[in-house]
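Below is one structure, written out as structure tokens; comments come after it.
Nothing in this text is a laboratory measurement; each read-out follows from the coordinates by a stated rule. From a predicted model like this one, the values you see are computed outputs, not experimental measurements. For neighbour counting, all protein chains shown are included, and Cβ atoms are generated from backbone atoms with ideal geometry for every residue, glycine included.
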Amino acid sequence: MSQRIGPTSVCSFPFAPQFGERPAGSLQHLRLESRDCKIIHMPLRLRTARLELIAATLPLVEAEIAGLAHLGERLQAEVETWPPPLNDENSLRWTFQKLQANPEAAGFFAWYVVLINEGKRELVGLAGITGPPDQSGTIEVGYSVVEKFQKQGIGTEATRALIQWAFRHPAVQMVTAQTLPELGPSIKVMERCGMTFLGTGSEPGTIRYGISREQFGQR
């Protein structure tokens, strides 16, 4: 899936792992208060079979603004090509402004995706949520993978970790994604991830899929 991590997103999924993969774990936690739930602890680092996802925070975004060498040092990862498709200075500025206004909401915006292979760490993409849950408890997810690492299931592995992370938050009742109707592989992956067709998307020509908390719990 390619997504602009910013005010709008259109998702295009490549290949997905199954939900049977080991659950994401945490190395750092966020104290988050929501009007819909008690204060809880939310992880800001997630691990999957191949990836580490690191939530964008103000210091990390400031490091990216300062230059790729600073970002790589912060993430302890090699940065060869950056940013991934559909992300640019505008999306980076959007993330910075959102975190500046709502630093406690880290995790509900961009996540850096690091591929770990035989001890080597490489920054390969971004995953993201377009913001905290709305009044209905709905969020939208997406990702963008550097071209060199596309078609390896990285994007959907990252998205799956975000879905798990999101449903740990009591306020989240529905996770959605958008794509174009002609992107058959995208649709198949969303379906493999348990998402079902919801109707037209928020952007012209797009369609929307989603998975509810109840559906996720039944998988």
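Provide LEU126, LEU68, LEU162, LEU44 in ascending order of the number of other Cβ atoms located within 10 Å of each residue's Cβ, fewest first. Could the numbers behind the result be given before it?
Working: LEU126 31, LEU68 16, LEU162 24, LEU44 20.
Ranking LEU126, LEU68, LEU162, LEU44 by Cβ neighbours within 10 Å, fewest first, gives LEU68, LEU44, LEU162, LEU126.
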### Task
Starting from the Cα of GLN97, step 7 Å along the direction of its Cβ; do the same at GLN76; then give the gap between the two resulting points in nm.
3.4 nm
